[in-house]
Each structure stands twice: as C-alpha cells, then as structure tokens.
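Have a look at the structure below, then the notes.
Laboratory data are not the source of any read-out in this text; all were calculated from the coordinates shown. Worth saying up front: this structure is predicted, and the values here are computed from it rather than measured. Every residue, glycine among them, receives a Cβ derived from its backbone with ideal geometry; neighbour counts consider all protein chains shown.
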Amino acid sequence: MNNNTKKLHRQKRIRTKIRGTEDRPRLTVFRSNKSIYAQIIDDSKRITLVAAFEKEKSKTTGKIDTAKAVGAELAKIALAKKISAVVFDKGSYAYHGRVKALAEGAREGGLKF
C-alpha cells in the first residue's frame, strides 16, 4: 500500500461513522501545505452550508494561528446562519497541530461538537 491509499482508507473509515444531518451538519477540514480550509456540509441534502479558508497570508502569524482564525471565522458565519451544533470530521488527518487549532477556534467561536 502506498501513502495515498492509506490516507483514503483512514478517511473512509472515519466517514462511515460520521454523517452530517440537517440538525447537526458535518464540519470537515482540508489541510494543504500552505493553507487550511473548512466546510460545514449537510450530507442528507449533499450541499455545503458554510465554508471558510485562509484568505490572506500574513507573515507575522504562523499556520496554527491562521487555522484558529479560520475556525473562529467559520463559527461566526455558521452562527449567523443559525447553525450551532456540528459533527467534527478530521478526515485522514491526526487531531493535532493545525486541525486541532481549527477545532479550538470553532469551539471558541460558539460551535458545539
């Protein structure tokens, strides 16, 4: 097995256990080498309700601070759309570093998961 196959297996294993509903949509994370993206998805309707990503690169803040800001921004937009409870989907990533910072930022912003 190569690394990409292992990643897909981890992602599939998590997605079989996690489903986003209308009451509790799924907050999913995508992390690239330079940026971090987050979406809140309703799996029953197959639509993205809210999305947030790193818009501007700032040389003074690091990746972890940026991820926390993205989580807070996502929470602010979600609360404006009356979404307060979500299911967290970390994908194939470990709950560590930027993924953890994004989750903490979303929790501090008011999302419950």
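Can you order the peptides 3-9, 34-40, 48-54 by their average number of other Cβ atoms within 10 Å per residue, highest first?
So the order, starting with the most tightly packed, is 34-40, 48-54, 3-9.
What does the net charge come to around D23 if you take all other residues with beta carbon closer than 13 Å to its beta carbon, with K and R at +1 and D and E at -1?
+3
Amide H of Y93 versus every other amide H placed in the peptide plane: which residues, excluding those fewer than 5 positions away on the same chain, fall under 5 Å?
It is none; the list stays empty.
Using Cα-Cα distances under 8 Å and only pairs 6 or more residues apart, what relative contact order does region 11-97 have, in percent?
About 35 percent, as a whole number.
Stretched out fully, how many nm does the piece from A80 to F113 gain, at 0.36 nm a residue minus the Cα gap?
10.2 nm
What net charge do the residues around E108 carry, taking every other residue with its C-beta under 14 Å from that of E108, with Lys and Arg at +1 and Asp and Glu at -1?
That sum, taken over residues with Cβ under 14 Å, equals +2.
Please give the net charge around G97, taking every other residue with its beta carbon less than 10 angstrom from that of G97, where Lys and Arg add +1 and Asp and Glu add -1.
Combined, the nearby Lys, Arg, Asp and Glu give +4.
Compute the Rg to Rh ratio over region 3-109 from the alpha carbon atoms, using the Kirkwood formula for Rh, and round to two decimal places.
On the Cα set of region 3-109, Rg over Rh gives 0.97.
For K63, which lysines qualify as cross-link partners when the Cα separation must be under 21 Å and same-chain residues fewer than eight apart are set aside?
The reachable lysines, counting only those whose Cα sits under 21 Å from K63, are K34, K55, K76, K90, K100.
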